[in-house]
Amino acid sequence: MNWSVEILGCIPVNAQRILFAGDSTDALAGLKKAFAQRNPQANWTVWLAQSPDLASGTAKDFDVILLDFQWLVLDAMGRSRLYELDLFFKPADDLEQSADRTQTVICFYQNAYAWSALNARLSGKFHNDPMAQVAREFVLSWLQSKRFEPLKLHRLFREENQSAFESWLESMQSHFQQLGVSITEAKERHCHEIEIIRARRSKGSVQRRTRLVVAMLAMAPDFADVRTKLPLASIQTHADVDVIYMERKDQSGQIMIFFGALNRTAEGLALMRAINPVLKRFDQISITVLHDRQVFEAVDTPRKRFIQRLSYVDYHQCLAQCDIALLPLESHFANQCKSDIKWVECAANQVACITSPTVYGDSIEDGLTGLIADGYDAFAEHLERLIRNPELILDLAERARAKIAAERML
């Protein structure tokens, strides 16, 4: 399971100092490489299984700390590293009274109550299993002891296991009834294999100092290549300086729609069937489809563009040229375990989003930072509403960007 993609979505994009504590070296390499495309200036410190002691320094030296709790509780050497971790965090207790920094901790671990693990235990395959020591309650309790406030829980589920999970759920139904556990509760507790908790250190009543915000408006698309070389890049590393780059959208009245998804052909086809009448009615609409040729062919308008694949940097440049993003997500177990990273990426590029309630409903304030569509017909209705009210597109995009700037960045 590629949990590193979900963790990538939890790391604030402007994080400069990152600590990784764990034993997943292969996933770590991919994570560092992917994050370097967002923020090449970030500095990573690693505490791995082969390292005898925790990295030098203390917790307050880092903006983001990634913790593999499975490894922390019991590593391959058979000893707990939590004591070392507590010593590492102790000098950071005065963080709230020092600088106005915000600190993010991301904890990930295997779900101790995953159906596959329970099934293996019932079959007698696991003995003295350390996974039982890393329940969600334990991680939340530890975060609370360090004055971190949990912000979001991500549940990761293997799509290929869905039919096996359904069979297991049916076989356990009588046991759940005896225990007074509803099927909904059982699904939420047992379906996923991995959990990721993103938390921030609470600042209490401490007020942050006023920050200097430098905004650079790109007047033309070609400026995007030049702006990365500007001296502004060197000052955005300072704690009290934010640098914001903004692209000027097309002022001709044209509206560009974005759809891009992997393994979402069925949802994409259903969506296009619903919005095709809207695309025909308005000449000022164009649509960009990323990756899925079948969905692109289903778009019934000549004003369409297909892109097979993009680097992560080019993907963001493509988003920045769009006005509206369509993010459909069917409601089933696998999708409910996904993150809202696509909405975060769209908001960062000031793109207004129409989304399904699955996953995105927990992040978007309907009508303020995006539009929630209960069904594909609702996608079409919301899309027509935005086309007839271009000011609303800008309002939604600006409020969404302000929300992630306040809650999802340092």
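For every residue, the table says whether it meets (1) surrounded by fewer than 19 Cβ atoms within 10 Å (Cβ to Cβ); (2) over 22 Å from the mean Cα position of the chain (by Cα); (3) outside any strand (DSSP E or B); (4) modelled with pLDDT of 80 or more.
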| residue | (1), (2), (3), (4) |
| --- | --- |
| Ser116 | yes, yes, yes, no |
| Arg121 | yes, yes, yes, no |
| Phe126 | yes, yes, yes, no |
| Phe138 | yes, yes, yes, yes |
| Ser141 | yes, yes, yes, yes |
| Leu151 | yes, no, no, yes |
| Arg155 | no, no, no, yes |
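On the given criteria, is Asn389 polar (S, T, N, Q) and surrounded by fewer than 18 Cβ atoms within 10 Å (Cβ to Cβ)? Against the criterion (polar (S, T, N, Q) and surrounded by fewer than 18 Cβ atoms within 10 Å (Cβ to Cβ)), Asn389 qualifies. Scanning the stretch 350-364 for residues that are touching a residue at least 60 places away in the same chain (Cβ under 8 Å) and either touching a Ser or Thr at 6+ places or on another chain (Cβ under 6 Å) or assigned to a helix (DSSP H, G or I) (or both) yields one hit, Asp362. When the criteria are applied in full, Ile404 fails the requirement of being within 18 Å of the chain's Cα centre (by Cα), more than 30 Å from Glu166 (Cβ to Cβ), of a type in the set (Val, Ile, Thr) and not in a helix (DSSP H, G or I).
In summary, Asn335 fulfils each of the numbered conditions (1) under 19 Å from the mean Cα position of the chain (by Cα); (2) crowded, with 20+ Cβ neighbours inside 10 Å; (3) in a helix (DSSP H, G or I) with the single exception of condition (2). If the condition is being modelled with pLDDT under 85, within 30 Å of His316 (Cα to Cα) and touching a helix residue (DSSP H, G or I) at 6+ places or on another chain (Cβ under 9 Å), then the stretch 36-57 contributes Gln37, Arg38, Gln41, Thr45, Val46. Of all residues in the stretch 184-199, those that are closer than 13 Å to Glu166 by Cα have Cβ atoms under 7 Å from Cβ atoms of residues that are buried (at least 19 other Cβ atoms within 10 Å of the Cβ) and not aromatic (Phe, Trp, Tyr), 6 or more apart or on another chain, in His190/Ala114; His192/Asn111; His192/Ala114; His192/Arg155; His192/Leu156; His192/Cys337.
On the given criteria, is Val134 at pLDDT 85 or above, closer than 30 Å to Thr102 by Cα and among the β-branched types (Val, Ile, Thr)? In short, no. Val278 fulfils the conditions (1) in contact with a Ser or Thr (Cβ under 9 Å, 6 or more places away or on another chain); (2) in contact (Cβ under 8 Å) with a residue 24 or more places away in the chain except for a single criterion, (1).
Can you find, within the stretch 338-348, the residue that is surrounded by the most Cβ atoms within 10 Å (Cβ to Cβ) among those that are touching a helix residue (DSSP H, G or I) at 6+ places or on another chain (Cβ under 7 Å) and not in a helix (DSSP H, G or I)? For the stretch 338-348, the residue satisfying everything is Asp340.
One residue stands out among those in the stretch 16-35 that are under 20 Å from the mean Cα position of the chain (by Cα) and among the polar types (S, T, N, Q): the one that is modelled with the highest pLDDT, which is Gln16. Within the stretch 5-18, residues that are under 13 Å from Glu345 (Cβ atoms) and touching a residue at least 12 places away in the same chain (Cβ under 8 Å) sit with their Cβ atoms under 6 Å from residues that are part of a loop (DSSP other than H, G, I, E, B) and small (Gly, Ala, Ser), at 6+ positions apart or across chains, in these pairs: Gly9/Ser339. Screening Glu166 against (1) touching an Asp or Glu at 6+ places or on another chain (Cβ under 8 Å); (2) surrounded by fewer than 16 Cβ atoms within 10 Å (Cβ to Cβ) leaves a single unmet condition, (1).
Of everything in the stretch 156-176, what is farther than 28 Å from Ile7 by Cβ and among the hydroxyl-bearing types (Ser, Thr, Tyr)? Give them in sequence order. Once the filter is applied, which keeps residues that are farther than 28 Å from Ile7 by Cβ and among the hydroxyl-bearing types (Ser, Thr, Tyr), the stretch 156-176 yields Ser167, Ser171, Ser174.
Looking at Ser80, Ser145, which is the one that is small (Gly, Ala, Ser), surrounded by fewer than 16 Cβ atoms within 10 Å (Cβ to Cβ), in contact with a helix residue (DSSP H, G or I) (Cβ under 9 Å, 6 or more places away or on another chain) and at pLDDT below 80? After applying the criteria, what remains is Ser80. Scanning the stretch 365-390 for residues that are under 24 Å from the mean Cα position of the chain (by Cα), free of Cβ contacts under 8 Å to residues at least 12 places away in the same chain and either assigned to a strand (DSSP E or B) or under 16 Å from Ser286 (Cα atoms) (or both) yields one hit, Asp366.
From the list Leu95, Leu72, Leu85, the one residue that fits, being within 26 Å of Ser141 (Cβ to Cβ), at pLDDT below 70 and either among the charged types (D, E, K, R) or part of a helix (DSSP H, G or I) (or both), is Leu95. If only one of Ile285, Ile275 is closer than 17 Å to Asp377 by Cβ and either surrounded by 13 or more Cβ atoms within 10 Å (Cβ to Cβ) or of a type in the set (Phe, Trp, Tyr) (or both), which one is it? Selected residue: Ile275, the only one of Ile285, Ile275 that is closer than 17 Å to Asp377 by Cβ and either surrounded by 13 or more Cβ atoms within 10 Å (Cβ to Cβ) or of a type in the set (Phe, Trp, Tyr) (or both).
The values are calculated or read from the model by the stated rules, or taken from the named source; none is laboratory data. None of the values given here were measured: they were computed from a predicted structure. In this analysis, Cβ positions are derived from the backbone assuming ideal geometry, glycine residues included, and neighbour counts consider all displayed protein chains.
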